[in-house]
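Here the structure comes first, spelled out in structure tokens, and everything after it is commentary.
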Amino acid sequence: MTATRRPTPAVYRRRRLFVLLIALALIGGIVWAVIAQPWRLIADMFAAPEGDETVSTPLPTGDPTSAPTDSPTPEPKPTETEDTGPKPCDPKVIEVSPVTDKEWYAWDENPQLSIRLKNTGSVDCTFNVGTNQQRFEITSGSDLWWNSTHCQSDPAEMIVTLAAGQEVTSSEPLVWDRTRSREDTCDSADRPRAPGGGASYHLNVSIGGVDSPWTAYFILG
């Protein structure tokens with residue numbers, strides 16, 4: 001049987017010293033790693049430099065193979081404004097009446113004639129009350145004595161707004177000179193005069209194509 005040789009005390013001391021040195025080296029490395037953080041230095045080497053916007057720009061999402069396309073900008077649609085103003089009157093809601101300043105005239109008085117109209121509707125509306133829309137006729141029986149359009153000069157239109165239920169009368173009356181009218185005698189000074197002495201006459205009026213349903217009766221003295 002071979003006897004085993006035991007290490008000497010000096011060998012044991014050298015082994016302990018070697019193990020201690022290794023342990024110190026490991027501990028020192030760990031402490032250095034914690035303090036120095038070398039992985040942060042490596043990361044900083046690849047980090048984008050400050051102020052470089054091209055690196056910090058986020059990547060586009062979606063299909064990476066599809067290229068962006070320019071979408072046409074839709075043209076703005078015109079804004080439609082609703083017209084809330086009064087509309088033209090329905091002739092059915094316009095009531096027209098003839099008006100004379102008297103019912104009996106002396107031999108030296110000329111009748112003054114007017115038109116009265118009323119908006120019988122429930123809403124405001126516009127109506128042409130110009131002289132180009134007015135017609136006055138004076139008859140005696142079936143005989144037409146005078147028509148205001150025979151010798152009318154410079155007819156003009158005038159659009160007015162009639163409130164619902166409003167009644168208006170022409171501001172300036174038309175004067176009949178008590179003569180017979182004809183288109184070929186407008187400048188004549190000797191047109192026939194209408195007989196007086198109690199003769200009766202009727203005034204018919206029309207405006208904007210709306211006729212009065214009745215007449216105004218008067219007598220010439």
* Net charge over other residues, Cβ less than 11 angstrom from the Cβ of residue 194 (K, R count +1; D, E count -1) -> +2
* Order 145, 176, 214, most accessible first, counting only protein heavy atoms with a 1.4 angstrom probe. => 214, 145, 176
* For residue 130, residues with placed amide H under 5 Å, excluding near neighbours -> 158
* Interchain or long-range residues, amide H under 5 Å from residue 146's placed H -> 138, 181
* When ranked by the protection proxy of mean other Cβ atoms within 10 Å per residue, highest first, what sequence do the peptides 95-105, 188-198 form? -> 95-105, 188-198
* Please arrange 89, 151 by accessible surface area, largest first, computed with a 1.4 Å probe and ligands excluded. => 151, 89
* Could you order 157, 109 so the one with the most accessible surface comes first? Probe is 1.4 Å. => 157, 109
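The values are calculated or read from the model by the stated rules, or taken from the named source; none is laboratory data. These numbers were taken from a predicted model, which means no experiment stands behind them. Note that we place each Cβ from the backbone using ideal geometry, even for glycine, and neighbour counts take in every protein chain shown. These area figures cover heavy atoms from the full protein model, side chains too; ligands, DNA and RNA do not enter into them. Shrake-Rupley method; radii C 1.70, N 1.55, O 1.52, S 1.80 Å.
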